[in-house]
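Comments concern the structure below.
The values are calculated or read from the model by the stated rules, or taken from the named source; none is laboratory data. A quick note: this is a predicted structure, and the numbers were derived from the prediction, not measured. Cβ placement follows ideal geometry from the backbone for every residue including glycine, while neighbour counts extend to all protein chains displayed. Surface accessibility is based on the protein's heavy atoms, side chains included, excluding ligands, DNA and RNA. Shrake-Rupley method; radii C 1.70, N 1.55, O 1.52, S 1.80 Å.
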Amino acid sequence: MSETTKSRATWSGKLAFVLSAAASAVGLGSMWRFPYLAAKYGGGTFLLMYFVFVFTIGLALLLLETSLGRKTGQSSIGAFKAFGKKYAFIGIFMSAVPFIIVPYYCVIGGWVTKYLFGYIVTAPEVLADGGNYFSGFITSGAESIIFMLIFMALTYFIVALGVNKGIEKANLIMMPALIVMAAAVAIYALTLPGAMDGLAYYLIPDFSKFSPELIISALGQTFFTLSLAMGIMVTYGSYLQKSTKLTSSVSQIAGTTFGVSLLAGLMIVPATFAALGSGDAVAQNSGPSLMFIILPQVFENLGGAATIIGVVFFVLVLFAALTSSLSLVETCTSIISDGAGWSRKRSLIVTIVYVTLMGVLVNLGYSSLSFIQPMGEGSSILDLLDFISNSVMMPIAALLTCVFVGWIIKPQTLIDEVRVSARFRLANVWSVVIKYIAPVMLVVILVAYVAQTMGLFSM
């Protein structure tokens, strides 16, 4: 793979692309969002619906975005603009998503870095104090910013090395290591007293739990974990060589993402189920509290193994956070470079300045700016950015993309691109999904999320 000022970087091969794309998809959404959703919506029932959505609609949209990027050789703005300047607004809208996500994602990455450091230098019981340690840290201001900057520095350093020497090599190390560590922790978790009841809850479908809310949540998780509608897969697709088989590549990305989500659930659901007594109790401790408050309490009960398990767990979560932050920063850099015609170095510097300043602002939302509660009592700047990006902009961006490909440039345009390197037997089925099924599902997700925020619908 070459990376020069005269030619666009390309992945060294299919494995590098698959691991890097899967690494982008496997992030904190897999590590904490998937387990609590599975616990909330009947364990095996949610797992089954998530599997169905990943390998149908998720796979179809993965193929759409990567083939669009490869065909045009551009990140999202340039990719849509290639078919006419009047379509650039779709790319601009999609491109705004990673710029909104990456600052607050790095803030959470700082939290993970702090807990890894904490397990290395502090006794496990200090971290398992029921939430005081966590709340004291995130409201500390200076300390939370320092750990955010450490996480950012790791991300910036790897991206600065380039697609070839940085992102690709880092993912070739971190992804296999993440999978091995996740499998090891999952196996250990299953040996804990009461964990087998949690395993049965997690894997065996209970169709009495089936509901519209489950379907919407599983579908939303599919978009969230596959890095769809963020411009990431368009950018990564633009680095692909024409000889890479897109159909098998996206299948492997989807399979890896589902597999890591499955492992994340195996690590967390049985152990927390055993500790808390039910799936509902696990679900009630959703989001950050599950990872930073409940799990340290579970680890503390492991006695002498608490420190080792804590370190291994937060190393793998750090890897998951880094692999996603790399793709977000790389996408922002590529968007600026392609859009402004700047060098990669200059574009990365602009990205670093923006992300760092915005990250500090988000961090202060828990301390000196905590009076800003944009979504009601107890909310933060991070909550607002998360809602705007994940619940509003991503479904709209995906919907616009489906309409663009399905009804404006027509599916055959990308079918021909896919067939440059692979047979595409399900081309007609894919066209139906892009033109009809995915848009309907996206409208449902968007309406449900907005209604939930307004208090009209509960999930």
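Backbone phi angles across the range 112-124, fed through the Karplus curve with coefficients 6.51, -1.76 and 1.60 (θ = phi - 60°), yield HN-Hα couplings of 4, 4, 4, 5, 4, 4, x, 6, 6, 10, 10, 5, x Hz in residue order; Gly and Pro are listed as x. Other residues lying with their Cβ under 13 Å from the Cβ of residue 434 contribute a combined charge of +1, Lys and Arg counting +1, Asp and Glu -1. Can you give me the % of accessible surface on the chain that is carbon or sulfur? Probe 1.4 Å, all protein chains present, nothing else counted. The value for the chain is 67 percent carbon and sulfur by accessible area. Given the choices [x] 141; [y] 131; [z] 251, volume of the Cα convex hull per residue in Å³ derived from the coordinates of this structure is entry [y].
Compute the long axis of helix 142-160 from its Cα atoms, compare it with the longest principal axis of the Cα atoms of the chain, and write down the angle in degrees, 0 to 90, nearest 10. Taking Cα atoms only, the helix is inclined about 40 degrees.
Each other residue within a Cβ distance under 12 Å of residue 136 adds +1 if Lys or Arg and -1 if Asp or Glu, for a net charge of -1.
The simple Förster model, with R0 at 56 Å and r as the Cβ-Cβ distance, assigns residue 129 and residue 429 a FRET efficiency of 0.60. Counted by Cβ distance under 13 Å from residue 405, the other residues give a net charge of 0, where Lys and Arg count +1 and Asp and Glu count -1. Each of the peptides 398-405, 67-74 was scored by the mean count of other Cβ atoms within 10 Å over its residues; in descending order, highest first, they stand as 67-74, 398-405. Checked against a 18 Å cut-off, the cross-linked pairs 165/345; 86/345; 14/169; 14/242 give Cα-Cα distances beyond that limit for 86/345. Accessible area per residue for the chain is 37 Å², calculated with a 1.4 Å probe on protein heavy atoms, without ligands, DNA or RNA. Using C-alpha pairs below 8 Å separated by at least 6 residues, the relative contact order for the chain is 32 percent.
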